[in-house]
Amino acid sequence: MMGGLKGSGGFAAKAVILMAVVLAVLALSGAYALKRPDVRSMILNWELGGMKPADYTADIKRLIGDGRLDEAEHLAWYVASNPDMPGQESVRSLMDEISKKRGVGNSPLKIGLGLAAGFFSGGGGSTEELLGGLLSNVLLSNGGISKSDLPDRPDDESEEIALALEKANLGIAGRWFPGFIRTLHRSKLLSADFEAFLRENAAMSEKDGKPTADLLAAVEGTRNAIAEFGVQRTLGMFPEVQDSLGLSCILKWGKVYPDETYIIVTHGGIGLLRLLPGNAEGEAKLVSIARRGEPAIKSANSWLK
């Protein structure tokens, strides 16, 4: 009897050890599998498949409230073009509101006051103020006007960055860029990372007597982004831009999927544009993530590494 108990006890011990070994092997195999890009991509696809389309109604309302009508209109058209996305009735009403606001906002007096305010302050929140600021800032960088013509314009960090870029020998093709960056900074649309990137490259450019490749890429990328997305949507994305590579990724995807690219960038997913494969699979993920909004961006940030 005792022998039978010992035998059964030994068998149980061996079974436990075997199970522990199997579990350890499975755990190691699972850990290894999770490091594989194809497995991580498969898991992301599975998670995306369980997510519902995002409701961008609140985003459109916020953009309208901020006077960013071009951005609001593009986002509203994106939602309206995808009938399975929620908020269709609300979005149609918001599109009517945008049309009405454009009619009111196009009065000569309002446009003139906005342009004048932006011209003297160097920027602002509305489209008119931004354009007025851009005009004066470019003229200031190119010697068309002097600081004495702008009595209320303080010497601040905006001037420091613009001056550093003016010394970076950007040449005729880039003479507008210091004024553009001055406008971004004064309008609080310049990220701290991109500011640091510009300062570093401007200093190296001045030292070497020629602009760095990264700085030239930033100038060209900014010009192309404006041509591709328009002024307002480019400005809307700029707070997320950290360097010239970010701009190049925006352009890469924006040429094919401008609405989806804008949505992902403005919702904190600009880093994803560097991680998505440049093929049909990457395009499908871009579209799927944009349609599902921030939860999808968060999930993609976790799995696409």
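Every read-out reported here was derived from the displayed coordinates using simple, explicitly stated rules and does not represent laboratory data. The structure presented is a predicted model; accordingly, all values stated were derived computationally and were not measured. Every residue, glycine among them, receives a Cβ derived from its backbone with ideal geometry; neighbour counts consider all protein chains shown.
Listed highest first by mean packing, meaning other Cβ atoms within 10 Å per residue, what order do 187-196, 273-282 come in? Provide the component values of the computation, followed by the final result.
Values: 187-196: 16.5, 273-282: 13.9.
Those peptides, ordered most packed to least, come out 187-196, 273-282.
Work out the length of the dipole vector of the stretch 242-297 about its Cα centre, built from +1 on the beta-carbon of each Lys and Arg and -1 on the beta-carbon of each Asp and Glu, and round it to the nearest 20 debye. Provide the component values of the computation, followed by the final result.
Working: 6 positive and 6 negative charges, 10 e Å.
So the dipole magnitude of the stretch 242-297 works out to roughly 40 debye.
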- Any chance you could count the Lys pairs in the stretch 107-255 whose alpha carbons are under 21 Å apart, treating pairs 8 or more apart or on different chains as valid? 4
- For Gly123, distant residues with modelled amide H under 5 Å away: Gly133
- Label model pair Asn279, Asp193: point-to-point distance (7 angstrom along the Cα→beta-carbon line) in nm is 2.7 nm
- Could you name the lysines in cross-link range of Lys52, using Cα to Cα under 18 Å and dropping any fewer than eight places away on the same chain? Lys285, Lys298
- Run down the aspartates and glutamates and flag those whose C-alpha is under 12 Å from the C-alpha of Lys305, throwing out any fewer than 8 positions away in its chain. Asp38
- Among Leu245, Gln232, Gly278, the residue whose Cα sits farthest towards the positive end of the charge dipole of the chain (+1 at Cβ of Lys and Arg, -1 at Cβ of Asp and Glu, taken about the Cα centre) is Gly278
- Message: Between helix 127-141 and the chain, what is the angle of the helix's C-alpha long axis to the longest principal axis, kept within 0 to 90° and rounded to the nearest 10?
- Response: 70 degrees
- Note on the structure: Between Ser99 and Asn301, the two model label points (7 Å from Cα along the beta-carbon direction) sit apart by a distance in nm of 3.8 nm
- Task: Work out the charge dipole of the chain with +1 on the Cβ of Lys and Arg and -1 on the Cβ of Asp and Glu about the Cα centre, then indicate which of Gly67, Tyr56, Phe197 is farthest towards its positive end.
- Result: Tyr56
- Note on the structure: Between the Cα axis of helix 37-49 and the main Cα principal axis of the chain, the angle (0 to 90°, nearest 10) is 80 degrees
